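Okay, structure first, notes after.
What follows draws every value from the coordinates through simple rules; no lab data is involved. Source: prediction; values computed, not measured. We place every Cβ from the backbone using ideal geometry, glycine too, and count neighbours over all the protein chains shown.
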Amino acid sequence: MKEVRSLLSGVRWGEADFLLKMGFVSGGRGRVYGFQQQPLPNGRFHGIVRTGNVYNAERVVPRRAFFLFIGLLQNGVKSLEQETKTGLPENFDKLKAAANRTSSWRDRLAAVEELGKHKSPQSLSALTYRMNHDLVYTVQEAAYNCLKEWGEKVEPPTRQKGDLIKGLMKTLVRIKKSLPEGHSYEDFKEKLKKMRLDLYDAYEGDKGAEFDNWLESTWKALRTRNY
């Protein structure tokens with residue numbers, strides 16, 4: 001087969017690749033470089049594809065169908081194989097509730113990642129809020145990445161400085177005072193988790209593997225009037 005050297009006018013590389021995948025032309029593995037049309041007496045034509053150094057291939061396809069797809073592609077029709085779905089997921093309300101669950105940064109993270117698969121105004125709003133206001137940087141970053149993949153013009157989030165939750169030290173002192181003298185760090189940790197799960201969860205998500213070391217050292221440094 002004669003090597004193809006000219007491109008079909010108006011067909012870009014991405015469109016050629018799409019047509020190859022959709023089966024309008026056939027070819028071997030390799031980088032698609034271009035198309036060339038060859039009219040036939042019966043009104044059909046050969047669409048010839050050059051595929052790098054692998055091999056050339058051809059397939060007879062209906063002329064009208066081929067140019068219909070060319071027209072659609074040139075008018076901005078996106079690949080049917082796109083990974084990002086459009087429209088609301090069936091469980092959007094549950095995902096929204098999970099994205100706002102202050103007691104579990106892991107639930108918020110999972111909800112953000114799922115919402116990122118369904119582009120819609122509602123998902124955009126939910127992800128933007130998480131990116132700007134979540135207390136856990138991991139969740140903020142995940143929301144940012146989703147929005148970035150959608151082509152939104154967003155700035156990377158920054159880690160919050162200072163206390164994530166106002167009045168942190170007062171809360172910790174109050175919890176320590178509520179426990180008897182001689183209590184263990186585990187006693188304090190469980191009481192904190194029981195009384196202020198939102199605070200416990202936020203700092204666990206923020207500190208990661210260093211959470212226990214941070215909380216224990218903070219507990220030891222706390223001073224009360226009793227001990």
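Some points to look at:
- Modelled spin-label separation between residue 96 and residue 198, with each label point placed 7 Å from Cα along the Cα-to-Cβ direction: 2.0 nm.
- Pairs beyond 24 Å (Cα-Cα), from 94/153; 119/161; 94/117: 94/153; 119/161
- Going from the fewest other Cβ atoms within 10 Å to the most, the residues 124, 109 appear in the order 124, 109.
- Burial ranking of peptide ranges 201-212, 138-149 (average Cβ count within 10 Å, highest at the top): 138-149, 201-212
- Applying D = kT/(6 pi eta Rh) to the range 144-212, where Rh is the Kirkwood radius over alpha-carbon pairs, T corresponds to 25 °C and eta to 0.890 mPa s, the Stokes-Einstein value obtained is 170 µm²/s.
- Residue order, fewest to most surrounding Cβ atoms within 10 angstrom, among 133, 118: 133, 118
- Inter-probe distance in nm under a simple model that places probes 7 Å from Cα toward Cβ, at residue 138 and residue 174: 2.8
- Taking other C-beta atoms within 10 angstrom as a stand-in for reagent exposure, 105, 214, 219 fall in the order 214, 219, 105, fewest first.
- Convex hull projection area averaged over all views, the range 81-166, Cα basis, nm²: 5.8
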